[in-house]
Amino acid sequence: MATTFETLHTVTTTEGRNAARAHALAALADPKVTGLPAHELQQLCTLLAPAQAAIAEQRQYLQRGGPRRKERGDHGRPLLTPADKVLITVVYLRRVCPQKVLVELLGINPNTIGRAIRETRTLIEEHQIEFSQTSHYFSDIDELRNWLDNDTTTTRIEAARALTHPDLTGMTRDDFQALVDRISVSYRASIEQRRHRQRGGERRPGTRGGLFRQKITDADRILATVLAQRQLCDQQTLAELFGVSRGTIRNAVDDVLPLLQQHGITPAPAIRQFTTAAEVLDLIASDTDHKSPS
């Protein structure tokens, strides 16, 4: 049976499109997507609402060419409410998917999505609020639909999550996430500095930032480097586990290792070494609930 997501672009009535969009927004508000409990997302919306209202009023003032001449009318629900704009901005900042996927998922003009994210991101940055990058990265709308509809992940995402097992990283999952949060900012800064040198200057206006071209996420790269430094297995085995080339793993280690060293982080050597990807996965499968570090 077709899901609401699959029928978004096939419904012919405004009512049908609005219902499909509402369903998609409700799915995006799931804590597994936003990384926030429902009450914290609501608190963020409440915090930003006054500034959002001021921006909207200023835009309307400029469009009218002066102050409002009569009382505000009730024109129905807008395509995106202030809370919707906060939601999609949080999803975007966590790098769940690029804007083009949000455009397809919600059936909204790219300019509308882009402006909503741009304005809301500015407000979030003014409050110095940051969001950790999720490992749930989707460059394709069908993968995102499947994950939202079925509460399942792709094989690559499942593997990356499994590889944060404490017996592999030598730390609890909470400690590993703290490490990712600590290193990610420095990692993105170093990558941008390198691209700046390669370009010979600032990125030209209108060009893409390249945030969504990577085969694995920043968190995956940090994870691969930790596993490599623990000498858990060789880089070819890591490549098989992450579903990428050995060159991708080698580049990840080359980029992330100096940052670990700068932060004084030295992963402890693993007690056990593995020669194949199957051996690593067998360990995970035999003790999926184990929490203590090796």
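The values are calculated or read from the model by the stated rules, or taken from the named source; none is laboratory data. On a predicted model such as this, the values are computed, not experimentally measured, just so you know. Virtual Cβ from ideal backbone geometry, glycine too; neighbours counted across all protein chains shown.
Quick notes on this structure:
- Exclusive hit being modelled with pLDDT under 85 and of a type in the set (S, T, N, Q), set Gln177, Gln236, Gln231, Gln193: Gln193
- Selection within region 261-277 - among the small types (Gly, Ala, Ser) and surrounded by 12 or more Cβ atoms within 10 Å (Cβ to Cβ): Ala268, Ala270, Ala277
- Any hit, region 142-150, residues being at pLDDT 75 or above and in a loop (DSSP other than H, G, I, E, B): no
- Among residues of region 228-250 that are over 17 Å from Gln273 (Cα atoms), those with a beta-carbon under 7 Å from a residue that is among the charged types (D, E, K, R) and assigned to a loop (DSSP other than H, G, I, E, B) at least six positions away or on a different chain give the pairs Val244/Lys215; Thr248/Lys215.
- Selection status of Gln58, over 22 Å from Gly243 (Cα atoms) and modelled with pLDDT under 80: yes
- Residue in region 202-221 that is under 21 Å from Tyr92 (Cβ atoms) and at pLDDT 90 or above present: yes
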